[in-house]
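Asker: The structure under discussion is supplied below as structure tokens; questions concerning it will follow.
Laboratory data are not the source of any read-out in this text; all were calculated from the coordinates shown. For clarity, every value in this text was computed on a predicted model and none was experimentally measured. A quick note on method: Cβ atoms are made from the backbone with ideal geometry, for glycine too, and the neighbour counts reach across all protein chains shown.
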Amino acid sequence: MARIAGVTLPSNKRLDIALTYIYGIGSVSAKSIIKETGIDGSIRVKDLTEEQANKVRETVEKKHRVEGELRREVLSHIKRLKEIGSIRGSRHIKSLPVRGQRTKTNSRTVRGNVRRTMSSGKRKLAKT
């Protein structure tokens, strides 16, 4: 079991796949880290030696911005957009899609899966 950047990597996954569990590392970054360290990417995490795990850990921590530091940076960028009053910032405030997607349909996940039907605003008549 290897811990890199505060994340426990799944032990039964291949190294190139397991590295993508770290926030800020995708498949391309994972492959570049593997190439840089000279470790075989198809080796399982449980089969890594301590020396190999330390090599990967050093490379990730020195050359990549990951986990908490990256999350803080993204939040500060969003906060800046809100403060200057940009369109993107106002979309973030209203919890709407930011990058120009349509909202008449297809934005349920951003809006919180709100489904409104035609009769939602009308009162039902009581039967006598």
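Asker: Tabulate in residue order the Karplus-calculated ³J(HN,Hα) for segment 74-91, using 6.51 cos²θ - 1.76 cosθ + 1.60 with θ = phi - 60°, rounded to whole Hz; enter x for Gly and Pro.
Answerer: Each residue of segment 74-91 in turn: 5, 5, 5, 5, 5, 4, 4, 4, 5, 5, 7, x, 6, 4, 4, x, 5, 5 Hz.
Asker: Another question, if that's okay. Contour minus end-to-end for Asn54 and Ile78, with contour as 0.36 nm per residue of separation and end-to-end as the Cα-Cα distance? Can you show the working numbers first?
Answerer: Values: separation 24, 0.36 × 24 = 8.64 nm, distance 3.39 nm.
Once the chain is fully extended between Asn54 and Ile78, it gains 5.3 nm.
Asker: Calculate, in nm to one decimal, what Arg44 and Lys13 gain on full extension: separation in residues at 0.36 nm each, minus their alpha carbon distance.
Answerer: Length gained, Arg44 through Lys13: 10.6 nm.
Asker: Which of Leu81, Thr20, Thr109 sits closest to the plus end of the dipole of the chain, meaning its Cα is farthest towards the positive end, when Lys and Arg get +1 and Asp and Glu get -1 on the C-beta?
Answerer: Positive-end residue among those listed: Thr109.
Asker: Let me ask something else. Along the Cα→Cβ direction, 7 angstrom out, place labels at Val28 and Arg71. What is the inter-label distance in nm?
Answerer: 2.5 nm
Asker: Ok, one more. Starting from the Cα-Cα distance between Arg111 and Arg99, subtract it from 0.36 nm times their residue separation and give me the gain in nm to one decimal.
Answerer: Result: 2.9 nm gained on full extension.
Asker: Sequence-distant or interchain residues sharing an amide H contact under 5 Å with Ile4, placed H: which?
Answerer: Amide H to amide H, under 5 Å and 5 or more residues apart or across chains, Ile4 pairs with Leu9.
Asker: May I pose another question? Relative contact order for segment 3-64: what is it in percent, counting Cα pairs under 8 Å that are at least 6 residues apart?
Answerer: About 38 percent, as a whole number.
Asker: So how far apart, in nm, are the two label points at Glu61 and Arg88 if each is 7 Å from Cα heading toward Cβ?
Answerer: Modelled inter-label distance: 3.2 nm.
Asker: So how strong a dipole does the chain carry about its Cα centre when Lys and Arg Cβ are +1 and Asp and Glu Cβ are -1, to the nearest 20 debye?
Answerer: About 1760 debye.
Asker: Taking a temperature of 25 °C and a viscosity of 0.890 mPa s, what whole-number D in µm²/s does Stokes-Einstein yield for segment 17-90 with Rh from Kirkwood over alpha carbon pairs?
Answerer: Once the numbers are plugged in, D ends up at 174 µm²/s.
Asker: Hey, another quick one. Give me a comma-separated list of calculated 3J(HN,Hα) values for segment 93-106, in order, Karplus coefficients 6.51, -1.76, 1.60 applied at θ = phi - 60°, integers in Hz, x for any Gly or Pro.
Answerer: The phi angles translate into 4, 7, 6, 10, x, 9, 9, x, 6, 6, 10, 5, 9, 6 Hz.
Asker: Taking a quarter of the surface of the convex hull around the Cα atoms of the chain, what do you get in nm²?
Answerer: Convex hull of Cα atoms, orientation-averaged projection: 13.4 nm².
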